[in-house]
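Only one structure is covered here, and it is reproduced in the block below.
Bear in mind these aren't lab numbers, they're just calculated from the coordinates by the rules spelled out. Just so you know, these numbers come straight off a predicted model, no measurement behind them. Positions of Cβ are generated from backbone atoms using ideal geometry, with glycine treated the same way; all protein chains shown enter the neighbour counts.
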Amino acid sequence: MSKPALTSNNLDAFWMPFTANRQFKQNPRLFVGAEGMFYKTADGRDVLDGTAGLWCCNAGHARPRITEAVQRQIAELDYAPAFQMGHPHAFELAARLSALMPSPLDHVFFTNSGSESVETALKMAIAYHRVRGEGARTRLIGRERGYHGVNFGGISVGGIVANRKMFGTLLGGVDHLPHTHDLSRNAWTRGQPESGAEYAEDLIRLIQLHDASTIAAVIVEPVAGSTGVLIPPKGYLERLKAICDQHGILLIFDEVITGFGRLGSPFAVDHFGVTPDLVTTAKGITNGVIPMGAVFCASHVHEAFMTGPEHLIEFFHGYTYSGHPVACAAALGTLDTYEEEGLLTRAAELGPYWADALHSLKGARHVIDIRNIGLIGAIELQPIAGEPTKRAFSAFLKAYEAGVLIRTTGDIIALSPPLIIEKGHIDQLVDTIRDVLESLD
Ligand SMILES: Cc1ncc(COP(=O)(O)O)c(C=O)c1O
């Protein structure tokens, strides 16, 4: 049978990622343009971006420096082989990125996404121990409700049930810390919760169970985003770091969403004052314009690989598009934009207004918790009995109709607007959400 002709209203061929495909295709939501804080829909409406795309367009949309850098680069050097060859912008970008990170996070390995950054960091951690003669350290520790992308390593250390249960036995030798979300003690918190640092002590239990000599690394998101904004209790990350150091275990921070100004400092590393051995990033590195990710690696990890005959490859890993010239150009244009407009610290200035606006929704219909940090917010809703996620999804659809893009996960509304947001936009976002909640069953 011949296939139907490809027309603009034939939506069938594209199997959309993380989407309710059949629901979407009955009533598609299509963006055809974007500028500043707003998307433009196919039916000509402006929609306020409350989510920076997918936590990635930190400088907002259609930023001239990034557009121009990408256009110039494509015309000048479209691609250079990533293995055994290089091009100047990859080195320039790595140097500029490492200057943003505290020492010893002085080296950068390029990838194309957050998921690839996670796989890269996990492999680096296991290989690091092996090159130092501790080849038995292969075990990886993640955390319940963690999100580390969708590849096999990432879903193995991740802790979101729906992302794991369909895909077999995953990686062996993985264990999980408990998550830190505890509404009975920490509901309505602004910033870091007071209670819960003791959840880090579970790492001691896992070390007693498996022995430190079998554990390569612990990976956590400093602030868990995709699972509905779980903010680390005061003292928790510090304690994880201390236990890891004491037992020779590498600590990996997954900063795919917290990186590039989301918390009011360049990285969560600065915000929390805790420096891990490896940091995974993506998204905001290019303002979402071209796919790219990067793993920051501490000198002691990097140096461990720089041994043996110099003509040999030190780390058997990399992607055809690691450090792609166009992605590097986009990232350099992005860093220029962040620096010129002070965006890596803007969330700290706006934070109090953001927090007050969000917490004004306390008492709104269906709301059981509100929490915030930097320019991140979460509004947790009472689920409809027997129909989890339905109420929040209805809120998402209604907000879109009312001209505001929000994101929902489970029954939680998660907000992460571009860092260029103005107070008036914050008011529009919160007022729309209030009206939407009032209108929901
Ligand atoms: C913490 C974290 N890690 C990894 C990823 C995966 O990134 P990507 O979708 O670019 O593969 C995400 C995406 O949201 C994330 O939030």
The chain: antiparallel DSSP beta bridges as a percent of all, rounded to 5:
65
Based solely on its DSSP helices, what 222 nm [θ] is calculated for the chain when runs of n ≥ 4 H residues each add -39,500 (n - 2.57) and the sum is averaged over all residues, nearest 500 deg cm²/dmol?
-10500 deg cm²/dmol
Given a 10 angstrom Cα cut-off, can you work out which residue in Glu116, Glu387, Glu422 is the most mobile in a GNM of the chain?
Glu387
Quick one: check the C-alpha center-to-center distance for the range 263-337 versus the range 6-57, whole angstrom.
30
Taking H placed 1.01 Å from N in the peptide plane, check which residues at least 5 places from Thr111 or on another chain put their amide H under 5 Å from its amide H.
Gly293, Ala294, Val295, Gly323
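From the square roots a ≥ b ≥ c of the eigenvalues of the alpha-carbon gyration tensor of the range 191-345, which class results: rounded (a/c under 1.5), prolate (a/b over b/c), or oblate? Numbers along the way, then the final one.
Values: a/c = 2.36, a/b = 1.16, b/c = 2.04.
Judged from the Cα gyration tensor, the range 191-345 comes out oblate (a/c at least 1.5, b/c at or above a/b).
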What does DSSP give for the range 165-297 in terms of the percent of beta bridges that are antiparallel, rounded to the nearest 5?
40
Global form of the range 37-172, assessed from the alpha-carbon gyration tensor, a/c cut-off 1.5:
oblate
With +1 at each Lys and Arg Cβ and -1 at each Asp and Glu Cβ, the charge dipole magnitude of the range 210-361 around its Cα centre, to the nearest 20 debye, comes out at 380
Top positive-direction residue, dipole computed over the range 67-340 with Cβ charges, set Val131, Ile231, Thr67
Ile231
Can you spot the aspartates and glutamates whose alpha carbon is less than 15 Å from Lys390's alpha carbon? Ignore those fewer than 8 places along the same chain.
Glu380, Asp411, Asp441
Unit charges at the beta carbon, dipole of the chain: most positive-side option, Val279, His148, Leu11:
Leu11
Can you tell which of Gln84, Gln71, Gln428 shows the greatest fluctuation in a Gaussian network model of the chain with Cα springs below 10 Å?
Gln84
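Please report, in debye to the nearest 20, how large the charge dipole of the chain is about its Cα centre when each Lys and Arg carries +1 at its beta carbon and each Asp and Glu carries -1 there.
Taking the Cα centre of the chain as origin, the dipole is about 1020 debye.
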Could you give each residue of the range 334-343 its phi-based ³J(HN,Hα) in whole Hz, using Karplus coefficients 6.51, -1.76, 1.60 with θ = phi - 60°, and x for Gly or Pro?
5, 4, 4, 5, 4, 5, 4, 9, x, 6
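Can you classify the chain as rounded, prolate or oblate using the Cα gyration tensor, where a ≥ b ≥ c are the square roots of its eigenvalues, rounded means a/c under 1.5, and otherwise it's prolate if a/b beats b/c and oblate if not? Walk me through the numbers before you get to the answer.
Details: a/c = 1.55, a/b = 1.21, b/c = 1.28.
Oblate, since a/c reaches 1.5 and b/c is not below a/b.
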Considering the chain as a Gaussian network with a 10 Å cut-off on Cα pairs, which listed residue, Leu250, Leu54, Leu312, attains the greatest mean-square fluctuation?
Leu312
